Amino acid sequence: MTSPNDFSGARPSSFDDWLQAFKEQATFFTGVKLDTGSSTGVPRWPLADVLPVLPFIGAAVGLAAGLVFAIVRAISGPGWLAAVLAVGAAVLITRALHEDGLADTADGLGPHALEAPRRLEIMRDSRNGTFGVLALALTVLIKVACLAQFSGSTGLVALIGAHALSRAVLAYPLLAYAPVHSDGLGAQAGKPTDNDVWLTIAIGAAIAFLLLLGKGLFVAILAPAAAIAATWFASRWIAARIGGYTGDTLGAVQQKAEIAFLIVAALFIAH
């Protein structure tokens, strides 16, 4: 999920390298333009070689959205208002990158009795159809409904955990399946190693677990487990219909994982 390039460096080998990798991927995954030290703007490493930065990028997005939520709640703002503003903040920070992928995926995979080439053609159409609009509307409503129940501190930790883990699990489809297009963002991510994938998911799960532990051991285990399970099912379901993954379907998987996490948190955290 990086720009087309000719990657010239080996894997990051120092703290400075990893910091540069974080900045490169954060610049892609968000609208925040960071100084990567590159005069050309071309990333030095493909995503597959720097997967462990994903949960930290997600945590940063979740922290920003969570602070918006917590501040609004702290000034006696209603839960639904804080939730709408927090969801909106995350969308603005990420430029709706994953939401766009979800909408395109829903348009392509929603209709029945279509062959894979036709589904992929629909997904590459930038116009949103009925399935895409409905998917976006339901996604936003579910997130707002879940967050509206939380106190400021609970919403803060839930958002950090949800965003961290839902970015981390993007590593799984990169390992388990092949990119459908040879020229798409999915293909440009590269093929990760097993160790990097499981390390990345473990980092995201650990962040989420530790943040939710103060809300109860049961939810601290169940919410990350639900996000990981949603990733597994969504990735398999998508691959069965189009033969692999695309940049759009990775965005859809992220949204599914985030929603699964927030639903479980909303159901089992005592408010």
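The values are calculated or read from the model by the stated rules, or taken from the named source; none is laboratory data. Worth saying up front: this structure is predicted, and the values here are computed from it rather than measured. Reconstructed Cβ throughout: ideal geometry from the backbone, glycine too, with neighbour counts over all protein chains shown. Surface areas here come from the heavy atoms of the whole protein model, side chains and all, with no ligands, DNA or RNA. Shrake-Rupley method; radii C 1.70, N 1.55, O 1.52, S 1.80 Å.
Observations on the structure shown:
- Most fluctuating residue given options 75, 221, 238, as computed from a GNM of the chain linking Cα atoms under 10 Å: 75
- A simple spin-label model places pseudo-atoms 7 Å from Cα toward Cβ; at residue 130 and residue 10 they are separated by 5.6 nm.
- For residue 245, distant residues with modelled amide H under 5 Å away: 178, 180
- Between 231, 27, 200, the Gaussian network model of the chain with springs among Cα atoms under 10 angstrom shows the greatest mean-square fluctuation at 27.
- Shape call, the stretch 125-271: gyration tensor on alpha carbons, a/c limit 1.5: oblate
- Whole-number accessible area per residue in Å² for the chain, which is evaluated in the context of all protein chains at 1.4 Å: 44
- Span-like helix ranges in the chain, DSSP H, alpha carbon extent 30 angstrom or more, Kyte mean at least -1.0: 217-242, 247-268
- Among 61, 75, 45 the positive-end extreme of the charge dipole of the stretch 43-126 (Cβ point charges): 75
- Evaluated at q = 0.13, 0.17 Å⁻¹, the base-10 log of the normalised Debye intensity for the stretch 120-176, with identical point scatterers placed on the Cα atoms, takes the values -0.55, -0.83.
- The chain - mean residue ellipticity at 222 nm from DSSP helices (-39,500 (n - 2.57) per run, n ≥ 4, rounded to 500): -22500 deg cm²/dmol
- When only the Cβ of Lys, Arg, Asp and Glu is charged (+1, +1, -1, -1), the dipole of the chain relative to its Cα centre reaches about 560 debye.
- Distribution of pairwise C-alpha distances over the chain, 10 Å bins, in %: 7, 31, 36, 21, 5, 0
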